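For reference, the structure is listed below as structure tokens.
Just so it is clear, none of the values below were taken in a lab; they were calculated from the coordinates. Predicted model only: the values in this text are computed from it and were never measured. Neighbour counts run over all protein chains shown; Cβ positions are idealised from the backbone, glycine included.
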């Protein structure tokens, strides 16, 4: 496949179908022509007011609004890099990321670090100008985004994605799901992560329409939007589906006839839950991916056609190669367990500051997940090398929670693991094992402290006293032994 | 304590804000923690405290504090 940047793809739609609606946010609809005018106006503003240049980095709050979309593509057209961050980002994490990336500008977030910043309203109020008919588009190997992911050490890790990576991901996903320009997708996922942000790119690069919705929390509003906008595509994580079911039963199936596709991902879903969706949506392509920020959507399965393999994570996505390797990097036979490794144009060029130790086996990215491939090419996920906990699709390192427990009381020894959510909503939740000592006899104070220091999904839902924390001879915590 | 205040207290605890910030028209999405998880936590806490289960049809209509107070009052008076 020849490289065509997302920005060029969207530009082409603004020329060939200028009046087609690209984006809808609340009552406001933006055509492809208006979208590019807004992107262009934002680009000129960022260059003239803030002197933004090729290679600069810009932090953008991942607030799901039109101005985010304009800023995102405008920064790319300048040749600068976007660092999308959750609006609710913790101070400590923001400070770390600013230190690591030295952004020239921050959009949509306050900061105390002397970095220039402004709010999204500024973009909204810009006067629209026409864009030229010839534009210099981003190049294949130019850096586009830096996405921060949960590092195994507890510190976030910056994943560098090039324009080539982004274009390849969108192309692979659209090939599998089968998006067309006629699709109208409802986006209720957060866009600070690869899944949600990716949906915007996928829809806009096929000339479709994307409807922005804050979240699914207000179910009535969600169903109203399904109806009013005649939604044909929808993305969700398994925890959203749990929520939708708890709040509204099977009501989503009222829209089944109109839904061409549902994309699922980011966390485990049981074969039984997949069967429920198959029954509710008999004519919808229900596509579930397995992927990482570093290698977006590396495998895909479609529930109806892969009904005999619902216990797998599907096959390698279009244009992606997957193999299982042993710890020396040798390819293993079908059925044998080893590390899932991914190769393709969508795979990151590496981490910020060259923190690439053990990240690759030659051209293959090491996912840190353990699995096997069967003779039909289906991949079975068995566990993780990296001890990341996945709470409803949000990931965290146990070390981050353990270090906060240590901050509460330096005498305390603790280890955290992911356990099955007793309420069955989030898949996994955090459980903390703490060695009992004389200074503390209940978990309440620890829990209160952690609540004040951590995002709520990172706070343990369960605690247990233990006599000791299992460790290797070299002193490394053996969390698996606590399960 | 009347039901309205009790409900407000439960909501405030669930989404970790001061009870003084909870008005009858405070709604889903007004606080960062009142997201889908927050909504589930609130509903479970109300069901536990007042010992009943919301009807699924009713759950969808619970958009703000006033809705919740009303729904609880209906059950308690039954």
### Task
Starting from the Cα of residue A:480, move 7 Å in the Cα-to-Cβ direction to define the label point; list residues of segment A:354-384 whose amide nitrogen is under 15 Å from there.
A:368-372, A:381-384
### Query
Relative to the longest principal axis of chain A, what angle (0 to 90°, nearest 10) does the C-alpha long axis of helix A:444-453 take?
30
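Per-residue ellipticity at 222 nm for the protein assembly as shown, helices alone: DSSP H runs ≥ 4 residues times -39500 (n - 2.57), over residue total, nearest 500 deg cm²/dmol?
Values: 16 runs with 180 residues, N = 561.
It lands at -10000 deg cm²/dmol.
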#### Entry: chain A: angle of helix A:6-16 to the longest principal axis, Cα-based, in degrees nearest 10
30
### Query
Rg to Rh ratio, the protein assembly as shown, alpha-carbon atoms and Kirkwood radius?
0.96
### Query
Nearest-5 percent of antiparallel DSSP beta bridges in chain A?
60
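Arrange B:55, A:86, B:30 by Cβ neighbour counts within 10 Å, fewest through most, would you?
Numbers: B:55 12, A:86 19, B:30 15.
Neighbour counts put them in this order, fewest first: B:55, B:30, A:86.
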#### Entry: Within segment A:232-249, backbone nitrogen closer than 20 Å to the virtual label 7 Å beyond the Cα of residue B:48 toward Cβ
A:243, A:246-247
### Task
Project the alpha carbons of segment A:129-221 onto their principal axes and report the range along each, largest first, in whole Å.
44, 44, 33
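Run the numbers on chain A and let me know its relative contact order in percent, using alpha-carbon pairs under 8 Å that are six or more apart. Mind showing how you got there, number by number?
Working: 969 pairs, mean separation 52.5, N = 483.
Across chain A, relative contact order equals 11 percent.
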### Summary
If N is the residue count of chain B, its Cα Rg over 2.2 N^0.38 Å rounds to 0.97
#### Entry: Cα centroid of segment A:291-339 to Cα centroid of segment B:1-35, whole Å
45
### Task
Could you work out how far apart the two model spin labels at residue A:4 and residue A:466 are, taking each label as a point 7 Å from the Cα in the direction of the beta carbon, and quote it in nm?
5.4
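Can you give the convex hull volume per residue for the Cα atoms of segment A:1-58, as a whole number of Å³? Don't skip to the answer; put the middle values down first.
Working: hull volume 7.4 nm³, N = 58.
Measuring per residue, one finds 127 Å³ for the Cα hull of segment A:1-58.
Residue separation times 0.36 nm, minus the C-alpha to C-alpha distance between residue A:115 and residue A:441: what's the value?
On the way: separation 326, 0.36 × 326 = 117.36 nm, distance 4.47 nm.
Gain in length upon complete extension: 112.9 nm.
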### Query
How much length is gained if the chain between residue A:90 and residue A:473 is pulled fully straight, taking 0.36 nm per residue apart and subtracting their Cα-Cα distance, in nm to one decimal?
134.4 nm
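Which of A:351, A:364 comes first, and how do the rest follow, when ranked by fewest Cβ neighbours within 10 Å?
On the way: A:351 18, A:364 22.
Ordered by Cβ neighbours within 10 Å, fewest first: A:351, A:364.
Using Cα pairs closer than 8 Å and at least 6 residues apart in sequence, work out the relative contact order for segment A:233-288, in percent.
On the way: 59 pairs, mean separation 25.4, N = 56.
Rounded, it is 45 percent for segment A:233-288.
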### Query
How high is the relative contact order of segment A:149-304, given as a whole-number percent (alpha carbon pairs under 8 Å, six or more residues apart)?
21
### Message
Using all alpha carbons of segment A:389-482, what is the percent of pairwise distances in each 5 Å bin, ordered from the shortest bin to the longest?
### Response
3, 14, 26, 26, 19, 9, 3, 0
### Task
Compute the acute angle (0 to 90°) between the alpha-carbon long axis of helix A:91-101 and the principal axis of greatest extent of the alpha-carbon atoms of chain A; round to the nearest 10°.
60
### Query
In which sequence would A:380, A:406 go, from the one with the fewest C-beta neighbours within 10 Å to the one with the most?
A:406, A:380
### Alpha-carbon Debye profile of segment A:1-129, log10 I(q)/I(0) at 0.10, 0.12, 0.17 Å⁻¹
-0.33, -0.47, -0.89
